[in-house]
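Accompanying notes for the structure given below.
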Amino acid sequence: MGEATQLPARWFNGRSSRAREVRVALTPGPRGPRLQLIPLDPADGPAREFEHDAVGWPPAWSSRRHPTTLSVELRDAGSLQIDNPQAWHDALARCGARPGLAQRMQTHWPVFVAVLLVAVVGLGAFYRYGTPWAAMQLTRLVPLAWEESLSQRVMTRIDQGRMLKPSELPVARQAELRARFDALVRQLGPKLTPYPGHKPRYTLDFRHGMGANAFALPGGIVVMTDELVTTAAQNGLGDEALIGVLAHEIGHVAYRHGTRLVVEQGVLQIGLGLAMGDVSNIVSLGSTLLTSLAYRRQHEAEADCFAQALLRQAALPTSPMADLLIAISSARDDGAKTQAHKHEEKGEVGLFEGLFSSHPQTAQRARQLKAGEAGSCPL
Amino acid sequence: MEASNRPESAVPERAGPAPSSTIAAHPLVFSGGGGEYFRVWIVNVLLSILTLGLYTPWARRRTAQYFYSHTQVADSPLEFTAPLRKMVFGFLLFMLLYLAFEIATKTGQETASALLILGAAVLAPYLWASAMRFRLGSTRWRGLQLLFTASWKEVYLASWPVFAIALYWIATVYTIGALAPEPLSLPPATEGGVNLDPVLSRVSPTQWGLLGLGLLLSLLAAIRIEYNYKGLLVRRAALGTQQGRWKPVYGDFVRVWLATVGVFLLGLLLGFVVIFLLGGSLAFLGDLQAMGPAAIIFVVFSLLALLTAVLLISAPARAYREARMFQLVWNNIGLSHLARFKCRLSAASFVWLRLKNVLLTLLTLGLYRPFARVNEYRMKLESVTLHVKGGLDQVSGELSRQQSGGMADMMADAAGLDLIG
């Protein structure tokens, strides 16, 4: 106690705005420096001791420059004002004060750079592996009934809003495709059930409008457009091509991608929104958009891989599906033959196209499907 | 011993006291700097990213501490004393509610999300008041705690314009429904989508009048709410035993808003001229069809540009309103009979500073934001002078513990009521 430095200070006792001259002594304590307050005027009472936890220690903002006056909060005992902040921080350091990480980052650049590196690596890993994993775990908790009711509502909305019209395919043709779809579903074994216990009732529906396309809703509804069937016929592709596309959509249902996307986007919006929101909304919006597109591409790759495994199980070829994909994408390009797509046909992928598309590049997908090695497939 | 109310005779204790009628001027000073605050901010951003946003309450506390401790009021800094535990707890509670709302809307549970919105609307005055209670209660000067002493009844009475305008709109919707010659149902969708023309042509002039009147009344109600809340905040703010004093009248606020509308129209006109000039140079880009996937990127960037344009066009008006409001308030408030404030903020230079800040922030993708914040804070704060009658030593008070409301504070923050500003 004898060697403790004493600093002059002004004490405001919390009940009056009048300053009282005091001396402040800092001494080492078990959990950090302790503070002793010694009034100079006997009328201000005896000396008071404050344990480390009873003091609101002001942070240091820089290793060199300090505010002109430092204030130290003493909870119910009011506040202290120190006119020599440098002496205060020096005395604290001598008493073994251990500043937190934020303050060390604030006052030492090397600490900041180290944390920056950890942040970059950690963030990449989190959004690459952490979020998808967490989404999968959370999706396990979502009951199938919820998925089914959601899909029912979406289908009703699509039909009532006339976004899609009833199918114009002959009923016999519909039944024929449906039979093949059901046969395909019967091939699903435990290996092709990523969520054990998740046994949706797969149904195939036909609609008209929106071009050659097929989509799956969580809970088992797969929808195929008339235009997809006609496109396959026009290109001389058999039903194997359509079955391949259906296998891909079944993959989306089995992996519960619709539900996962809700969870993943929630994590992204909240996580990135909070973290980046203070930088700028554009940065936050941009990173959310890009990451969510990356997840969608991941889902597509997973569904491709699933389709390939399912087709193999059913002893069906994968290349007709690949041909159909190419036929659709070249039909879309007919209106706009552009430099970018010519590149794509050659298999070159521009950086921007890679970043901004929700599906993996068609040419690449088709090539991998043909070779039977979709999306570095674990199945 | 000198625990409670010390009369003014306490002053002569000090050497060479000023006679109690002398008025001393104390210009407020901000001793922080943009570069230094940039480090505070970047550390916050980094730690927030690392903790997936969980660092937010700590970050808010550090920011408040930085600004408070560099704000000198009559040679004593402000002190930010919010207990960290309360801030963290409030943050977690707020996040839980937010998550519930997100899940409810995302999964289409309309009743649940409607209930949450309705609940927030009814509770808004309560939340505002507890946020203010938290903020003032977390502020000390010379060891004395600021207090917000309004009762819940006063807060809800001050909120009458919200309820009045809600009633007006409900009544209007019913009246329009009753006046309509036939039910206002949408005609069936045609090939090109929903056709609104028949609906619009069936709305009678009376109904247009009701709608127009409603918009005007809504604006007046919004101004009234701002006036009521600001007034309540000042009148029921207390430092020790001294209550705040409030002089502005409603007409002052309306005048500021009218001038703001003028500035906005001027900005709009300028914006149109600029867009018109730029429009000519954009035309050569030709039709988007031929651009393929690049068109998507182009459209995204055009949307961003449009958003930026809206931001830029309304920026002068918003800055102008902020500056005029600041002038009005800080020229007309005080602390009982002890202190009053004078403000010589120039609206023109504040608008100019804001424009510079917005542009630089956009150009640096947000990295300029801390500098902008410091610039604006400094300009506003240092325009204010505190005039104290009879010395600084005469205020007395009690430290009180009315410091709940961490969650309300978080909500107020989310709604854009800055802790600093």
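Direction-averaged projected area, Cα convex hull, chain A: 28.7 nm², rounded to one decimal.
Neighbours of residue A:92 by Cβ distance under 12 Å: Lys/Arg scored +1, Asp/Glu scored -1, total +2. For the range A:107-146, pairs of C-alpha atoms spaced more than 11 angstrom apart make up 70 percent of the total.
The alpha carbon convex hull volume per residue for the range A:82-151 rounds to 187 Å³. Within the range A:1-143, the proportion of Cα pairs with more than 24 Å between them is 47 percent.
When you filter the trypsin sites (Lys or Arg not before Pro) in the range A:178-261 for DSSP loop state and at most 11 other Cβ atoms inside 10 Å of their Cβ, you are left with A:201. Take every Cα pair under 8 Å whose residues are at least 6 apart in sequence, average their separation, divide by the length of the range A:1-67, and the relative contact order is 21 percent. A Förster distance of 41 Å, applied to the separation of the beta-carbon atoms of residue A:289 and residue B:274, puts the FRET efficiency at 0.90.
Placing one equal scatterer on every Cα of the range B:61-107 and applying the Debye formula, the log10 ratio I(q)/I(0) at q = 0.16, 0.28, 0.31 Å⁻¹ is -0.60, -0.93, -1.01.
With contributions of -39500 (n - 2.57) from each DSSP H run of at least four residues, the per-residue ellipticity at 222 nm computed over chain A stands at -16500 deg cm²/dmol.
List the equivalent ellipsoid semi-axes of the range B:83-171 in whole Å, largest first, each obtained as the square root of 5λ for an eigenvalue λ of the Cα gyration tensor.
Values: eigenvalues 175, 101, 8 Å².
Over the Cα atoms of the range B:83-171, the ellipsoid semi-axes are 30, 22, 6 Å.
I'd like to know which of A:95, A:130, A:235 lies farthest towards the positive end of the charge dipole of chain A, counting +1 on Cβ of Lys and Arg and -1 on Cβ of Asp and Glu. Towards the positive end, the residue furthest out is A:95.
For the range A:124-208, calculate the relative contact order in percent as a whole number, restricting contacts to Cα pairs under 8 Å that are 6 or more residues apart.
Details: 23 pairs, mean separation 34.6, N = 85.
Computed over the range A:124-208, the figure is 41 percent.
Sequentially through the range A:113-127, phi angles give Karplus couplings (6.51, -1.76, 1.60; θ = phi - 60°) of 4, 4, 5, 4, 4, 4, 4, 4, 5, x, 5, x, 5, 5, 6 Hz, Gly and Pro residues having no value and appearing as x.
Peptide B:55-67 shows a mean partner chain C-beta count of 2 within 10 Å per residue C-beta.
Could you work out the local net charge near residue A:26, counting Lys and Arg as +1, Asp and Glu as -1, over the other residues with Cβ closer than 9 Å to its Cβ? Local charge sum for residue A:26: +2. A probe of 1.4 angstrom, applied to the heavy atoms of all protein chains, finds residue B:86 with accessible area near 90 square angstrom.
Take every Cα pair under 8 Å whose residues are at least 6 apart in sequence, average their separation, divide by the length of the range A:1-119, and the relative contact order is 23 percent.
Based on Cα atoms of the range A:181-333, Rg over Rh with Rh as the Kirkwood radius reads 1.05.
Tell me the net charge near residue B:254. Cut-off is 13 Å between Cβ atoms, residue B:254 excluded, with +1 for each Lys or Arg and -1 for each Asp or Glu. Intermediate results must be reported in sequence, preceding the final value.
On the way: positive: B:224, B:255, B:321, B:324; negative: B:226, B:252.
Surrounding charge for residue B:254 is +2.
Using the alpha-carbon atoms, what tilt in degrees (0 to 90, nearest 10) does helix A:144-160 show relative to the longest principal axis of chain A? Compared with the principal axis, the helix lies near 60 degrees. Using a 10 Å cut-off on Cβ to Cβ distances, tally the other chain neighbours for every residue of A:69-75 and report the average as a whole number. Per residue, the average neighbour count from other chains is 5. Close amide-amide hydrogen proximity is noted between residue A:78 and no other residue 5 or more places distant or on a separate chain, at a cut-off under 5 Å (H modeled in the peptide plane; Pro and chain starts excluded). Residue by residue, the range B:137-152 carries 3J(HN,Hα) couplings of x, 8, 10, 10, 9, 6, x, 8, 8, 7, 10, 10, 9, 5, 7, 4 Hz when phi is fed to the Karplus relation 6.51 cos²θ - 1.76 cosθ + 1.60 (θ = phi - 60°); x denotes Gly or Pro. Can you give me the long-range amide H partners of residue B:335? Hydrogens built in the peptide plane at 1.01 Å from N, cutoff under 5 Å, separation of 5 or more residues or another chain. Hits under the 5 Å cutoff: B:245, B:340. Computed about its Cα centre, the charge dipole of chain A is approximately 540 debye, with only Lys, Arg, Asp and Glu carrying charge at their Cβ.
The values are calculated or read from the model by the stated rules, or taken from the named source; none is laboratory data. In this text the structure is predicted, and so the values were computed from the model without any measurement. Note that we place each Cβ from the backbone using ideal geometry, even for glycine, and neighbour counts take in every protein chain shown. Accessible surface is based on the protein model in full, side chains and every heavy atom, while ligands, DNA and RNA are left aside. Shrake-Rupley method; radii C 1.70, N 1.55, O 1.52, S 1.80 Å.
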